[in-house]
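Q: To start, I am sharing the structure in question, which I have written as structure tokens.
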Amino acid sequence: MTELYSKPPLVVAIESFNCGGYFTSHEVWEGVWMREKGPDRSFYKGLIQAAVALHHATRGNHHGARKLWRTARSYLDPYRPRHLGIDVECFLTDLDRCLAPLAAELPAEKKVVIDPGLLPTIQYRPPGGLFPAEKQLAVEHPPADGLSPERDHPVPRGEGTPVTTAGNEET
């Protein structure tokens with residue numbers, strides 16, 4: 001496995017998130033959030049809550065997912081369209097599309113299946129050109145059985161989303 005912790009925590013968390021490791025990304029962001037004293041504190045809290053919302057959603061805890069989805073949006077909305085190199089606009093749009101089936105309160109016995117093809121990824125372009133343009137950061141693809149220690153849930157064979165950086169300019 002690639003040594004992830006030689007990278008900035010934000011990148012480690014994004015890589016984990018984009019491979020379905022929602023709990024792991026939550027843990028990494030939580031460490032950053034606890035040390036953050038400035039204006040980015042709420043941004044990290046929003047990322048944490050989005051990760052936990054997806055963790056709950058992929059495990060069938062729809063009430064918890066719905067609640068954290070709403071609060072994640074409220075924390076991340078002020079940081080649109082882009083913050084710390086993350087395309088917040090795209091992320092929130094994709095998060096909404098994925099979790100839309102959970103929007104309505106449903107009876108406990110009615111389960112909604114989250115479409116794995118709609119699970120959001122985080123588009124990241126480092127501010128200040130930390131990485132060369134168009135470089136892909138190393139992310140292992142899940143093994144043939146669809147399970148990986150970095151994933152919180154099975155993934156269809158052949159899927160795995162690397163973090164892709166696209167240019168160095170900030171928009």
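Q: Once the Cβ-Cβ distance between Val113 and Leu84 is put in as r, and R0 is 30 Å, what FRET efficiency do you end up with, to the nearest 0.05?
A: On the way: r = 33 Å, r/R0 = 1.09.
FRET efficiency, Val113 to Leu84: 0.40.
Q: Take Asn61 and Ser6, extend 7 Å from each Cα along the Cα→Cβ direction, and tell me the distance between the two endpoints in nm.
A: Going by the 7 Å Cα→Cβ label model, 3.5 nm.
Q: Also: Return the distance in nm (one decimal) between the two label points of a simple spin-label model at Asp40 and Glu27, each offset 7 Å from Cα along Cα→Cβ.
A: 2.2 nm
Q: Taking the alpha-carbon distance from Lys7 and a cut-off under 18 Å, which lysines remain once sequence neighbours fewer than 8 residues away in the same chain are dropped?
A: Once the sequence-local lysines are set aside, what remains near Lys7 is Lys135.
Q: Over all directions, how big on average is the projection of the convex hull of the alpha-carbon atoms in the range 1-125, in square nanometres?
A: Values: hull surface 30.9 nm².
So the Cα hull casts an average projection of 7.7 nm².
Q: Straight-line reach from Lys67: which lysines fall under 19 Å, measuring Cα to Cα and dropping same-chain residues less than 8 apart?
A: Result set, ordered by chain and number: Lys45, Lys110, Lys111.
Q: So what's the range 1-65 giving for Cα Rg divided by 2.2 N^0.38 Å, two decimals? Before the final figure, lay out each step's value.
A: Working: Rg = 12.1 Å, N = 65, 2.2 N^0.38 = 10.7 Å.
Here the answer is 1.13, to two decimals.
None of the figures in this text is laboratory data; all of them are computed from the coordinates on show. In this text, all values refer to a predicted model and were calculated from it rather than measured experimentally. Glycine gets a Cβ as well: all are built from the backbone with ideal geometry, and neighbour counts include every protein chain shown.
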